[in-house]
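To start, the structure itself, in structure tokens.
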Amino acid sequence: MLPDEYRRNAAETAAFLSARIATVPRTGWIVGTGLGHAAESLHVTTAFDYRSIPHFPAATVQSHAGRLLFGDIQDRSVVVMQGRLHLYEGYSAAEATFPVRVMQEMGVRRLIVTNAAGGLNPSFRTRDLMVITDHINLTGENPLAGPNMAAWGPRFPDMTRAYDRGLIACAEEAARSIRIPIRKGVYAGLKGPSLETPAETRLLRTLGADAVGFSTVPEVIAAIHGGMQVFGLSIITNVNDPDHPVPATVEDIVAAAGQAAPSLEKLLSAVMRLLDD
């Protein structure tokens, strides 16, 4: 797809959605694998199936509902993606981040990304919540490759503080207030969909990664390019021990994410309460 067509499609999609909602949200939230119920605190005012939205790609992965929800959490207007798009589904990096561009066109200025991730840090435990402080892009792709759309952002966006320090501090304050323990760490993004070998786990640990998954990184790059503040949160669904590897199944990962979803929902609800909108 040509850049002009891509941006025109995003603008058309944004206009379609904006005409059908009462309030344009300032915050967007992308929900990860097994975390669809984490958005239960959202008071939904309008909902769309992805397939009913012009130009919007379809979610094809198990546990990703494929619905775009508009409403409010703690009196803050939000848009929630129940189901994201992945590179391993066959989407290009630009296609996988198309919803972020639609949010940008709508005026969303803050993006929350959540995911289910494998733990690499040996001190982590299943169902831990990890605030993402940084990431390593190992997908081999970048949504900014190709001609730059200057109207959306600069050719070379700075990524030294991709995950907003203020939002991280806000999450730490929220976690203390509701007594939910959180971890902090670096997220490694792979293309997937095959899970990591023991040798790959050792490599990722050596690189300084605390958790690994198949999403989030392209979305964050696009959001930073578009001038958004970003907050990232991973649910640790299993801990990878390369010396004592245990097979992981999608069913186990989804189940672990679902068990931790209530804590995620409580934390994000507390974070939203602290935001100055």
ask   = Is it fair to say residue 183 is free of Cβ contacts under 8 Å to residues at least 24 places away in the same chain and either of a type in the set (Ser, Thr, Tyr) or surrounded by fewer than 21 Cβ atoms within 10 Å (Cβ to Cβ) (or both)?
value = no
Filter the stretch 219-242 for residues that are modelled with pLDDT under 95 and farther than 22 Å from residue 263 by Cβ; the one that is surrounded by the most Cβ atoms within 10 Å (Cβ to Cβ) is 242
Subset of the stretch 127-159, residues touching a helix residue (DSSP H, G or I) at 6+ places or on another chain (Cβ under 9 Å) and not in a loop (DSSP other than H, G, I, E, B), comes to 129, 131, 132, 133, 135, 136, 137
When residue 191 is run through (1) modelled with pLDDT under 95; (2) under 26 Å from residue 7 (Cα atoms); (3) among the charged types (D, E, K, R), the failure sits at (1)
Per the list (1) buried (at least 22 other Cβ atoms within 10 Å of the Cβ); (2) assigned to a helix (DSSP H, G or I), residue check on residue 256 breaks on (1)
Contact list, first residue from the stretch 84-108 and over 15 Å from residue 32 (Cβ atoms), second anywhere and surrounded by fewer than 23 Cβ atoms within 10 Å (Cβ to Cβ) and polar (S, T, N, Q), beta-carbon distance below 7 Å, six or more apart or interchain, is 93/142; 102/13; 106/18
Filtering strands (runs of 3 or more DSSP E) wholly in the stretch 40-126 for at least 3 residues that are within 20 Å of residue 250 (Cβ to Cβ) gives 110-119
Residue pairs within 9 Å by beta carbon, gap of at least six or interchain, first lying in the stretch 148-165 and farther than 20 Å from residue 134 by Cα, second among the aliphatic types (A, V, I, L, M) and assigned to a loop (DSSP other than H, G, I, E, B), listed first then second, are 153/144; 155/144
Listed by first then second residue, the pairs whose first member lies in the stretch 235-261 and is more than 24 Å from residue 112 (Cα to Cα), whose partner is surrounded by fewer than 21 Cβ atoms within 10 Å (Cβ to Cβ) and of a type in the set (Asp, Glu), with beta carbons under 7 Å and at least 6 positions apart or on separate chains, are 240/196
Note: among 175, 169, just one is at pLDDT 95 or above, more than 16 Å from residue 228 (Cβ to Cβ) and buried (at least 19 other Cβ atoms within 10 Å of the Cβ), namely 175
Exactly one of 144, 87 is over 17 Å from the mean Cα position of the chain (by Cα) and among the hydrophobic types (A, V, I, L, M, F, W, C), and that one is 144
Residue set 67, 101, 51; condition crowded, with 19+ Cβ neighbours inside 10 Å and either in contact with a Pro (Cβ under 7 Å, 6 or more places away or on another chain) or at pLDDT below 95 (or both); output residue 67
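The values are calculated or read from the model by the stated rules, or taken from the named source; none is laboratory data. None of the values given here were measured: they were computed from a predicted structure. Cβ sites come from the backbone with ideal geometry, for glycine too, and all protein chains shown count toward neighbours.
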